[in-house]
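Report on one structure; see the data block that follows.
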Amino acid sequence: MSTEEFRSEQQFITELYARLDDLRDQAERAVQAALAEPGNGLQARLERDVLVAEQSGLLSALNSGETGLCFGRLEFSDGHDHHIGRIGIRQDDAERTPLVLDWRADVARPFYLATGYFPMGLRRRRHITTRGREVTALHDEILDLADTERTGHEGADADAVLLAALDAARTGRMHDIVQTIQAEQDRIIRSPHRGVLVVEGGPGTGKTAVALHRAAYLLYAHRELLAKRGVLIVGPNPAFLGYIGEVLPALGETGVLLATLGELFPGIHATGTDRPGAAAVKGRAEMAEILALVVRDRQALPEDVPAGSGEESAVVPEPALEIDHDDYGTLLLDRTMAYEARDRARATGLPHNLARPYFAFRVIDALTEQLVDRLGADPYGGPNLLGPDDIAQLGKEIATSATVHAAIDTLWPPLTPRQLITEFLADPSHLPAEEAELIRRTTQEWTPADIPLLDEAAELLGVDESAQRAAEERERLERIAYAQGVLDLSLGSESYEFEDTENEYLAAHDIIDAERMAERHEEADHRSAAERAAADRTWAFGHVIVDEAQELSAMAWRLLMRRCPTRSMTLVGDPAQTGDEAGCGSWKRILDPYVGDRWELVRLGVNYRTPAEIMDVAAAVLRARHPGFEPPRSVRSTGVRPWVRETDDLARTVADAVRGGTPAEGRLAVIAPRPLHEALAAALPGVRAGEEPDLTRTVVLLEPRQAKGLEFDTVIVVEPADHQPSDLYVALTRATQTLGVVHTGALPEGLSEQPGAGQRTGGAL
């Protein structure tokens with residue numbers, strides 16, 4: 001029976017991959033055939049481009065889903081059976097019968113939720129393990145105990161497949177968990193996409209995996225909406241994004257934008273580092289009000305003290321800007337005129353750059369009135385001598401004067417976000433002296449904490465697109481004129497011998513006019529939603545997922561809420577791991593200003609990553625400061641307790657520990673404070689300090705915040721007393737198998753009580 005079951009499943013897998021190969025060949029042929037077409041005419045070229053994009057997307061999904069394509073089988077009590085996999089594939093028949101169901105389909109839910117107590121109509125659930133295209137193992141769970149049929153692949157341990165996945169060596173890349181999604185995770189993954197869902201859980205509870213699979217599920221369930229608007233996933237650092245980067249493609253989803261906070265302002269990649277305390281100042285909610293004041297200060301009035309006023313003057317003249325006009329001498333833009341113009345522009349409620357034309361129009365009108373009074377005054381006190389046409393001409397000359405526009409620029413300058421924030425950081429005079437000194441800088445190196453400031457500045461300033469719209473209109477008229485010329489040429493090429501006879505052939509001008517012809521020749525934008533969104537600061541995403549959400553500042557949340565006006569979000573994090581000094585920490589504090597109480601909190605309480613022996617140590621460290629802290633429950637135990645070593649030669653001891661502890665398969669991480677990286681890297685072959693870590697290497701060197709969300713087979717934590725408590729908690733919970741601690745001085749409370757603490761070595765372990 002066992003051999004027959006293997007053969008049966010192997011035959012199905014073989015047939016499934018044959019169908020996959022056939023679909024892939026069809027897609028490749030369609031792409032090649034489309035590219036080979038000359039594409040005569042705009043419509044033909046557009047249709048070709050759309051076909052190529054569709055087939056290329058299908059090809060990408062098929063290629064991505066090939067590994068572990070089918071991983072399960074559902075056998076229902078009514079006799080219906082279904083195989084499930086990473087992507088859905090149908091047979092090549094008239095009914096398009098499902099060959100393998102997508103794991104996100106409703107009918108696949110029993111694979112994750114059914115129990116012996118609540119079988120959901122199942123008699124048997126089968127887990128299929130493959131390597132490449134070969135079946136290597138079967139594991140059957142009996143859910144209908146009244147069914148006496150047995151296959152020989154029944155397992156005594158219902159969690160065998162899960163535990164095997166947890167014990168597998170790490171590769172430096174996160175894998176999908178579609179084969180081992182647990183019931184509590186499935187309910188979160190399939191939650192409705194409206195509103196804000198907060199997923200809270202300690203280390204190793206699968207928060208990130210759940211969030212990624214939720215993104216895949218939402219794209220499946222709401223394809224039409226989210227394919228247009230896209231999904232944004234925000235991660236804490238580039239290493240983390242590289243770590244999770246293969247999960248969604250493996251599930252057939254490639255149209256998702258993954259970014260760090262430092263990449264969310266188009267044209268800027270923030271790689272700088274703030275000095276201690278600066279990020280907290282920049283991230284405060286009050287910075288929005290301060291930047292608004294900075295912008296208002298740039299909307300100036302003429303100086304309060306008039307130039308050239310002598311003591312002999314009986315009346316101090318009103319402050320004014322002197323504007324030298326080539327034809328009409330000196331014009332005076334006084335404080336009253338400027339104040340009235342500024343007040344009128346501010347009353348529009350528009351951003352600075354968009355309100356600027358209103359300021360300019362009022363100044364031009366006021367200067368025109370001044371000039372009319374000067375030139376058209378009747379010396380005998382009669383009415384003004386200038387007529388409407390004369391006044392209009394004077395207004396036109398004022399409006400086109402370079403010196404007038406220079407004066408307007410002085411009082412209401414056009415500003416860019418980069419310019420405003422650069423000048424503000426060089427002289428943050430609106431802040432208390434101590435805070436101003438923290439964030440003051442003269443370099444142009446942007447930091448992640450600057451990105452929300454730039455985004456806020458962009459909102460306050462706006463973009464005056466009038467010039468761009470005018471240029472686009474000129475281009476449109478030029479295209480229409482060109483199209484009309486083509487149509488006229490077509491008309492002129494007709495034979496005049498048919499002048500008095502009805503022509504039986506339709507010419508181009510009979511079926512299309514110049515304007516419609518010009519519109520057809522506009523280039524279509526074939527970029528994906530993710531590509532377009534990355535280049536557009538004002539893009540509104542259909543859904544936003546934030547990992548390590550507890551780390552973001554109040555200003556960062558203002559940025560993200562602008563990116564998702566519908567407030568359809570999944571936030572993932574753990575307040576106990578808050579390490580950033582600007583982090584909000586409290587979900588209520590984060591969300592109340594935007595959604596009130598219209599958000600839901602769910603908790604994951606099972607630790608799938610960290611063995612109980614390691615979790616006990618990590619919990620003891622955090623419990624020393626927070627006595628009531630309760631860690632997530634570990635599902636497994638390795639029997640291997642963490643080791644602790646005190647040393648006089650830190651670099652040598654760490655190097656020896658790495659040499660002796662590097663797994664034959666898997667990954668090892670050394671997690672140390674940043675100032676120690678140069679010395680440690682010098683002692684670790686192939687490891688360099690200061691680089692973005694390559695997590696696919698066998699050994700990597702990280703600081704705790706770079707390790708957030710990551711996992712390794714073995715972890716060595718260096719100088720734990722030099723880490724912040726939350727950072728140390730993160731560092732101690734990254735290992736799936738073995739944890740070691742190396743230190744030169746006193747240990748923090750919680751670690752000093754561990755076996756081996758106080759045992760000293762001169763270097764070699």
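Summary of computed values
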{"quantity": "Alpha-carbon centroid distance for the pair segment 648-705 / segment 630-645, whole angstrom", "calculated": "22 Å"}
{"quantity": "Residue 678-residue 423 FRET efficiency (beta carbon distance; Förster radius 41 Å; 0.05 resolution)", "calculated": "0.70"}
{"quantity": "List 240, 118, ordered by accessible area with a 1.4 Å probe, largest first", "calculated": "118, 240"}
{"quantity": "Potential lengthening between residue 749 and residue 374 on full extension [0.36 nm per residue; Cα-Cα distance subtracted]", "calculated": "126.6 nm"}
{"quantity": "Furthest towards positive pole of dipole, 416, 372, 404, structure part segment 366-443, Cβ charges", "calculated": "416"}
{"quantity": "Computed FRET value (nearest 0.05) for residue 67 with residue 347, which takes r as the C-beta separation and R₀ as 51 Å", "calculated": "0.25"}
{"quantity": "Accessible area of residue 187 in the full protein assembly, 1.4 Å probe (Å², nearest 10)", "calculated": "140 Å²"}
{"quantity": "Percent of alpha-carbon pairs separated by more than 14 Å within segment 222-284", "calculated": "68 percent"}
{"quantity": "Length released on extending from residue 385 to residue 327, taking residue separation times 0.36 nm less the Cα-Cα span", "calculated": "19.0 nm"}
{"quantity": "Sequence of 326, 22 from largest to smallest accessible area, 1.4 Å probe", "calculated": "326, 22"}
{"quantity": "Simple spin-label estimate for residue 24 and residue 410 in nanometres, 7 Å along Cα-Cβ", "calculated": "7.0 nm"}
{"quantity": "Solvent-accessible surface (1.4 angstrom probe) belonging to residue 442, in square angstrom, nearest 10", "calculated": "130 Å²"}
{"quantity": "Which of 615, 337 is most accessible, then next, and so on - probe 1.4 Å", "calculated": "337, 615"}
{"quantity": "Cβ-Cβ FRET estimate between residue 692 and residue 296, R0 fixed at 41 Å, reported to 0.05", "calculated": "0.55"}
{"quantity": "Spin-label pair residue 532/residue 430, simplified geometry with 7 Å Cα→Cβ offset, distance in nm", "calculated": "3.4 nm"}
{"quantity": "Paramagnetic reach from residue 444 (point 7 Å along Cα→Cβ, amide N under 20 Å) across segment 251-294", "calculated": "262-274"}
{"quantity": "Residue 147 accessible area, 1.4 Å probe, all protein chains in place, Å² to nearest 10", "calculated": "30 Å²"}
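The values are calculated or read from the model by the stated rules, or taken from the named source; none is laboratory data. Given the structure is predicted, the values throughout are model-derived calculations rather than measurements. Heads up, the Cβs are rebuilt from the backbone with ideal geometry, glycines too, and the neighbour counts pull from every protein chain shown. Just so you know, the surface numbers come from the protein's heavy atoms only, side chains and all, with ligands and any DNA or RNA stripped out. Shrake-Rupley method; radii C 1.70, N 1.55, O 1.52, S 1.80 Å.
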